[in-house]
Ligand code: ADP
């Protein structure tokens with residue numbers, strides 16, 4: 001009996017040590033395989049180590065790791081594809097973290113910024129050309145909004161358009177900002193050349209045109225003939241276009257001395273224009289209502305010449321674009337609580353179709369449908385002048401139109417310097 005127990009125990013001991021050896025071999029195979037670079041194929045591991053329960057565990061671990069490896073490889077592949085594509089873009093693109101340390105930059109960024117070495121993990125201030133780029137990014141990070149700045153580099157007369165905004169948390173790539181930098185030097189030069197050409201051509205055309213006009217006027221008086229009348233009409237139109245183009249060129253010149261600002265009463269300006277347009281008002285049986293703040297609350301600071309142009313073009317449009325008689329026009333000036341002024345020119349005429357609204361401030365744009373433009377005198381430059389003149393006064397203009405009901409051109413401009421924001425109750429406003 002004792003022998004039997006001893007033999008059984010010895011058997012168990014041998015079996016246990018055999019299991020231990022197999023277990024050790026399996027663990028060694030597993031750890032060895034996991035350490036290998038590149039990760040081994042399951043087939044390279046001896047079959048013997050994959051037989052029992054540990055072997056099955058080994059198989060599962062190897063398969064999972066192999067799958068993860070495959071996924072990593074495909075992600076790296078996608079990243080390389082993105083890099084290739086982003087490198088083809090002309091704009092410099094960068095991503096920075098919340099401390100303005102670069103996490104990504106494309107080829108254009110490496111070319112544009114101080115050196116072509118990798119930017120990754122370097123502070124933006126170290127690699128960017130100008131501190132204003134960092135300031136724009138800083139502002140975007142602080143405010144959480146998109147920022148844009150045009151930066152002129154004195155070193156090589158380059159102009160850069162810098163855009164920056166916070167990274168949307170939905171991308172789940174951490175906090176930070178994206179930066180897009182576009183070199184607009186060439187674009188600005190071309191634009192300047194175009195402006196110079198228009199200004200020079202208009203200037204050169206002015207003198208011969210006035211001579212032709214003068215002669216045609218004389219001939220018209222003497223001959224009263226049809227063709228001369230037609231020639232005069234067209235010469236007048238070309239002269240008007242040339243004058244309008246010259247005015248646009250001046251307004252586009254960004255010349256600081258373009259405006260001769262003074263304090264003036266916007267009410268006087270409006271009344272003067274309405275008097276000037278009285279014949280057109282009478283002809284169309286149209287009515288005009290002028291709604292102004294009190295005398296002491298309507299002092300504008302600006303160039304009276306350009307304000308005459310702005311209001312003349314808007315009021316004349318309200319009258320002339322509407323062939324139907326009996327149009328009601330309202331010109332309203334309101335001093336806002338923040339010290340700015342709002343000027344509105346409203347009519348209840350034919351209106352502007354929604355599809356044309358974004359276009360009407362463009363040069364030579366005229367709405368054809370419903371307006372019968374051949375009968376309406378105009379160059380298509382009036383609203384371009386208005387927009388540029390308003391912008392020269394640091395203002396904005398917008399338009400809304402419900403054809404046949406109400407068309408409203410709304411201007412917002414800063415009040416005179418040091419204008420204390422005064423609240424003007426509606427009842428204090430009086431009709432002029
Ligand atoms: P134009 O010299 O033809 O008046 P503008 O630049 O002043 O040129 O206006 C552009 C176009 O916008 C006009 O041709 C007209 O079709 C449209 N428009 C401007 N103001 C009005 C208005 N109050 N009502 C309807 N259409 C208008």
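The values are calculated or read from the model by the stated rules, or taken from the named source; none is laboratory data. Bear in mind the structure is a predicted one, so any value in this text is a computation, not a measurement. Note that we place each Cβ from the backbone using ideal geometry, even for glycine, and neighbour counts take in every protein chain shown.
Residue count for region 311-333 under the criterion of being within 11 Å of the ligand (Cβ to nearest atom) and touching a strand residue (DSSP E or B) at 6+ places or on another chain (Cβ under 9 Å): the result is 9.
Tell me, yes or no, whether region 196-204 has at least one residue that is over 30 Å from residue 123 (Cβ atoms) and outside any helix (DSSP H, G or I). For region 196-204, residues over 30 Å from residue 123 (Cβ atoms) and outside any helix (DSSP H, G or I): absent.
For region 305-353, give me the residue count where each residue is under 29 Å from the mean Cα position of the chain (by Cα) and farther than 16 Å from residue 411 by Cα. Summing the residues that are under 29 Å from the mean Cα position of the chain (by Cα) and farther than 16 Å from residue 411 by Cα in region 305-353 gives 3. Considering region 362-383, and only residues there that are modelled with pLDDT under 95 and under 30 Å from residue 339 (Cα atoms), the residue that is surrounded by the most Cβ atoms within 10 Å (Cβ to Cβ) turns out to be 382. Residues in region 396-410 that are surrounded by fewer than 15 Cβ atoms within 10 Å (Cβ to Cβ) and near the ligand (Cβ under 10 Å from one of its atoms): 403 only. There is no residue in region 222-231 that is in contact (Cβ under 8 Å) with a residue 24 or more places away in the chain and in contact with a helix residue (DSSP H, G or I) (Cβ under 7 Å, 6 or more places away or on another chain).
In this structure, does residue 120 turn out to be closer than 28 Å to residue 80 by Cα and in a strand (DSSP E or B)? Answer is no for this residue.
Here residue 290 does not qualify as in a helix (DSSP H, G or I) and surrounded by 14 or more Cβ atoms within 10 Å (Cβ to Cβ).
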